[in-house]
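Student: Can you keep this structure in mind? I'll have questions shortly.
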Amino acid sequence: MKRLLILLLLSCMLIFIGGCKARSDHDTQDKSANAKTVISTETPEQINDVTESKYLALFRLDMTLEEVMTILEENDIEIINEIENTRDFNAWDWGNKDIWTEEVSLTFDKDLLLYAISFDNDEPAPKGIKVGDDTERLEKAYGQNYKLYDPEELVRLGYIDSEDVNTEVYEFSIDDYYFQASATNHKIDSWGITKYKLSETMKKNKRYLNDQIGFEIEFPESWDDSKYEVVEDFDVIKVYYLPQNRDIEKATLFELYIYGTVEEWDVWWDNGGEEEGLPFSKVGICNGMVIVASGPTEAIYQGREEAAVDARKYDEMMKDLGKIFDSFKPLSGQGMDRDMDPQAEVPPLTDEIALQLRDEAIDVYFTVFSAGGNECASFDERLADEEFFQYYFCKDLNSREKISEYLERIFTESLVQEMVESSVVEAQDGRLVYTIYEVGSLLNWDEAKLAEISVNETDRKEFVFRVPDVDEVMESITLRFLYEENKGWRLKDHPVGYL
């Protein structure tokens, strides 16, 4: 009997202990399911310091500018600066917008969607990384699967100016975004999250603009950014091939430079220049100056074993030069003549240049008020009001400022203001819309002849042209120009008058 009692007591104890253990395991699982995963680092202090910036909870990538502004206001976060990148037209982020606060920097693309959130202060990154930490902590927190941009590559991308600055960027791919940390001398000095790889955001714009001479050209999409560089001087640009083999020298692809005035070119051409066969060719005219292109004078890589791979790539790129020269387009006067000749108060405006400016004015106007921009979705996707044929502007012209800046390339400031403020550009649902302009021309401007210069003042000129229509009936059309300081010659009248 006593033995049976002991067995019963032992059974109860085992059941009790087992039940407690099961209960304990269940509680542990519940707690671990709600806990954050902590990757161990070297010291207990670092293990416990895994709070991330509260601003990552407030903002998320792809938020609209309007949503971000609302959050900033609701949380009393003061904006210290707002910047639109118009510094370098040839940069990938040209036209993008930055909002700076004391705590966080927010970067928006041309569609005004948030694509980067950056910090250079004590705000903690996910997994406890902070500015001032050694880069060793990055591997311990995020692992060894990352892209490292060394100083040489950062110079090539244009992120830093010199390899003497021992800067590196660590880039980790995390779900649908990238975590990037910049470090100098192996100490983290900034970090952030972004939708894009650094190599993508530092890409060159294939549409190259030179506002010193006053022209633009288009590089082929097939040209890898790391394979060429553009070096600008006062009156020349030089484009070089950058070899894969860093032990061999770079090679000239082509140069664009100023030959002289139109009159100087014509004199040379009419006096035997056409027959001389010189190693340059005329590609266009900017502000009365003839721009010529020249290629390399020697096959620099030919026959060199160490340059065999680069020789093939170099030859491939040389085949594209004709397309590049064909894409040449003047920027309708950037004050180049002033820079070249301090005595010249205003650059010359001939009837030939006047007709070129007229052609460009038509192109600019139709780009804005017919196409809606250059970087566009389909018309069906941009339809705003079918009844009134209204469409949303494209992403490169989605603000009044961008529209004005584009139109001011060729029209006077007062005319642009009138265009933008007119009923053609209306705000709808917080976005800008326009009614497509689809009027064509019955005039043959290729056969236009100068009749007279009715106004010939220093900063104002009016050219009267005789232009035939489709029935060869001549019409008189006046083109009126005003010189605007630091801009150049601009058309004063709406282009519907000289289609």
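The values are calculated or read from the model by the stated rules, or taken from the named source; none is laboratory data. What you are looking at is a predicted structure, and each value in this text was computed from that prediction instead of being measured. In this analysis, Cβ positions are derived from the backbone assuming ideal geometry, glycine residues included, and neighbour counts consider all displayed protein chains. The accessibility values were calculated without ligands, DNA or RNA, using every heavy atom of the protein model including side chains. Shrake-Rupley method; radii C 1.70, N 1.55, O 1.52, S 1.80 Å.
Student: Quick one: would you say residue 139 is acidic (Asp, Glu), crowded, with 16+ Cβ neighbours inside 10 Å and without any contact (Cβ under 8 Å) to a residue 60 or more places away in the chain?
Tutor: On the way: acidic (Asp, Glu): yes; crowded, with 16+ Cβ neighbours inside 10 Å: no; without any contact (Cβ under 8 Å) to a residue 60 or more places away in the chain: yes.
So residue 139 fails the test.
Student: Taking segment 405-430, which residues are open to solvent by less than 50 Å² (accessible area, probe 1.4 Å), modelled with pLDDT of 70 or more and not in a loop (DSSP other than H, G, I, E, B)?
Tutor: Scanning segment 405-430 gives 406, 407, 411, 415, 416, 419, 420.
Student: List every residue pair whose Cβ atoms lie under 7 Å apart, where the two residues are 6 or more positions apart in sequence or sit on different chains, the first residue falls within segment 263-282 and is part of a loop (DSSP other than H, G, I, E, B) and modelled with pLDDT under 85, and the second residue, located anywhere, is loosely packed, with under 10 Cβ neighbours inside 10 Å and not aromatic (Phe, Trp, Tyr).
Tutor: Going by the 7 Å Cβ cut-off, the qualifying pairs are 279/297.
Student: Report yes if residue 338 is surrounded by fewer than 18 Cβ atoms within 10 Å (Cβ to Cβ), under 32 Å from the mean Cα position of the chain (by Cα) and at pLDDT below 80, otherwise no.
Tutor: Working: surrounded by fewer than 18 Cβ atoms within 10 Å (Cβ to Cβ): yes; under 32 Å from the mean Cα position of the chain (by Cα): yes; at pLDDT below 80: yes.
For residue 338, the condition - surrounded by fewer than 18 Cβ atoms within 10 Å (Cβ to Cβ), under 32 Å from the mean Cα position of the chain (by Cα) and at pLDDT below 80 - is met.
Student: Another one. Being crowded, with 19+ Cβ neighbours inside 10 Å and on the phi < 0 side of the Ramachandran plot is the filter; apply it to segment 365-376 and report the residue that is nearest to the chain's Cα centre (by Cα).
Tutor: 368
Student: Out of all the residues in segment 446-459, which are over 12 Å from residue 350 (Cα atoms), in contact with a strand residue (DSSP E or B) (Cβ under 7 Å, 6 or more places away or on another chain) and not polar (S, T, N, Q)? It would help to see each step written out before you state the result.
Tutor: So the first thing to find is which residues in segment 446-459 are over 12 Å from residue 350 (Cα atoms), and the list is 446-449, 451, 454-455, 457-459.
Remaining after also requiring in contact with a strand residue (DSSP E or B) (Cβ under 7 Å, 6 or more places away or on another chain): 447-449, 451, 454-455, 459.
Result: 447, 448, 449, 451, 455, 459.
Student: Of everything in segment 268-281, what is at negative phi and open to solvent by less than 90 Å² (accessible area, probe 1.4 Å)? Give them in sequence order. Even if it seems obvious, please write down each step before you answer.
Tutor: Restricting attention to segment 268-281, the residues satisfying the condition of being at negative phi are 268-271, 273-276, 278-281.
Residues satisfying the conditions are 268, 273, 278, 280, 281.
Student: To continue, here is another question. Look through segment 283-299, keep the residues that are more than 29 Å from the chain's Cα centre (by Cα) and surrounded by 12 or more Cβ atoms within 10 Å (Cβ to Cβ), and return whichever of them is nearest to residue 484 (Cα to Cα). Before the answer, list the steps.
Tutor: In the first step, residues of segment 283-299 are kept if they are more than 29 Å from the chain's Cα centre (by Cα); the result is 288, 296-299.
With surrounded by 12 or more Cβ atoms within 10 Å (Cβ to Cβ) added as a condition, the list becomes 288, 296, 299.
On the way: 288: 16, 296: 38, 299: 46 Å.
Step by step, filter segment 283-299, then rank; the result is 288.
Student: Regarding segment 117-128, can at least one residue be identified that is outside any loop (DSSP other than H, G, I, E, B), open to solvent by less than 40 Å² (accessible area, probe 1.4 Å) and within 24 Å of residue 82 (Cβ to Cβ)? Spell out the reasoning first.
Tutor: Filtering segment 117-128 for residues outside any loop (DSSP other than H, G, I, E, B) gives 117-119, 126-128.
Right, trim to open to solvent by less than 40 Å² (accessible area, probe 1.4 Å) and you get 117, 119, 126, 128.
Next, only the ones that are within 24 Å of residue 82 (Cβ to Cβ) stay: 117, 119.
Checking segment 117-128: at least one residue is outside any loop (DSSP other than H, G, I, E, B), open to solvent by less than 40 Å² (accessible area, probe 1.4 Å) and within 24 Å of residue 82 (Cβ to Cβ).
Student: Restricting the search to segment 129-138, which residues are among the aliphatic types (A, V, I, L, M), out of contact with any Ser or Thr (no Cβ under 8 Å at 6 or more places or on another chain) and assigned to a loop (DSSP other than H, G, I, E, B)?
Tutor: The one that is among the aliphatic types (A, V, I, L, M), out of contact with any Ser or Thr (no Cβ under 8 Å at 6 or more places or on another chain) and assigned to a loop (DSSP other than H, G, I, E, B): 129.
Student: Which of the residues spanning segment 158-171 are touching a Leu at 6+ places or on another chain (Cβ under 9 Å), closer than 18 Å to residue 190 by Cα and either of a type in the set (A, V, I, L, M, F, W, C) or free of Cβ contacts under 8 Å to residues at least 40 places away in the same chain (or both)?
Tutor: Here is the first cut: in segment 158-171, the ones touching a Leu at 6+ places or on another chain (Cβ under 9 Å) are 159-160, 163, 165, 167-171.
Filter again for closer than 18 Å to residue 190 by Cα, leaving 159-160, 165, 167-171.
If the condition is that a residue be touching a Leu at 6+ places or on another chain (Cβ under 9 Å), closer than 18 Å to residue 190 by Cα and either of a type in the set (A, V, I, L, M, F, W, C) or free of Cβ contacts under 8 Å to residues at least 40 places away in the same chain (or both), then 160, 165, 167, 168, 169, 170, 171 are the ones that fit.
Student: Can you name the number of the only condition in (1) part of a strand (DSSP E or B); (2) under 21 Å from the mean Cα position of the chain (by Cα); (3) not polar (S, T, N, Q) that residue 255 fails?
Tutor: (2)
Student: So, one more: Just the residues that are open to solvent by less than 60 Å² (accessible area, probe 1.4 Å) and in a loop (DSSP other than H, G, I, E, B), please, taken from segment 300-309. Walk me through how you get there before you give the answer.
Tutor: Within segment 300-309, the subset open to solvent by less than 60 Å² (accessible area, probe 1.4 Å) is 300-301, 307-308.
Those that are open to solvent by less than 60 Å² (accessible area, probe 1.4 Å) and in a loop (DSSP other than H, G, I, E, B): 300, 301.
Student: Assuming residue 472 fulfils every condition listed in (1) modelled with pLDDT of 85 or more; (2) part of a strand (DSSP E or B) apart from one, which condition is it?
Tutor: (2)
Student: Collect the residues in segment 139-160 that are part of a helix (DSSP H, G or I) and under 30 Å from the mean Cα position of the chain (by Cα), keeping them in residue-number order. It would help to see each step written out before you state the result.
Tutor: Step one: of segment 139-160, the residues part of a helix (DSSP H, G or I) are 139-142, 151-157.
Scanning segment 139-160 gives 151, 152, 153, 154, 155, 156, 157.
Student: Further, regarding this structure: Given 223, 191, which one is part of a strand (DSSP E or B), crowded, with 16+ Cβ neighbours inside 10 Å and not hydroxyl-bearing (Ser, Thr, Tyr)? Step through it out loud before you land on a result.
Tutor: On the way: 223 fails: part of a strand (DSSP E or B).
On inspection, the qualifying residue turns out to be 191.
Student: What are the residues in segment 283-297 that are of a type in the set (S, T, N, Q) and without any contact (Cβ under 8 Å) to a residue 60 or more places away in the chain, if any?
Tutor: Our first condition is that a residue be of a type in the set (S, T, N, Q); within segment 283-297, this holds for 287, 294, 297.
Passing the criteria: 294, 297.
Student: Please determine whether any residue of segment 160-168 is acidic (Asp, Glu) and open to solvent by less than 50 Å² (accessible area, probe 1.4 Å). Even if it seems obvious, please write down each step before you answer.
Tutor: Kept after step one, since they are acidic (Asp, Glu), are these residues of segment 160-168: 161, 163-164, 168.
Still in the list and also open to solvent by less than 50 Å² (accessible area, probe 1.4 Å): 168.
Checking segment 160-168: at least one residue is acidic (Asp, Glu) and open to solvent by less than 50 Å² (accessible area, probe 1.4 Å).
Student: Taking the criterion of being assigned to a loop (DSSP other than H, G, I, E, B), within 30 Å of residue 59 (Cα to Cα) and open to solvent by 40 Å² or more (accessible area, probe 1.4 Å), would at least one residue in segment 205-215 satisfy it?
Tutor: Kept after step one, since they are assigned to a loop (DSSP other than H, G, I, E, B), are these residues of segment 205-215: 205-206, 211-214.
Those still in the list that are within 30 Å of residue 59 (Cα to Cα) too: 205.
Now narrow it down to the ones that are open to solvent by 40 Å² or more (accessible area, probe 1.4 Å): 205.
Yes, there is a match, as at least one residue in segment 205-215 is assigned to a loop (DSSP other than H, G, I, E, B), within 30 Å of residue 59 (Cα to Cα) and open to solvent by 40 Å² or more (accessible area, probe 1.4 Å).
Student: Keeping to segment 173-213, report how many residues are at pLDDT 80 or above, touching a Gly at 6+ places or on another chain (Cβ under 9 Å) and closer than 17 Å to residue 153 by Cα.
Tutor: The qualifying residues number 3.
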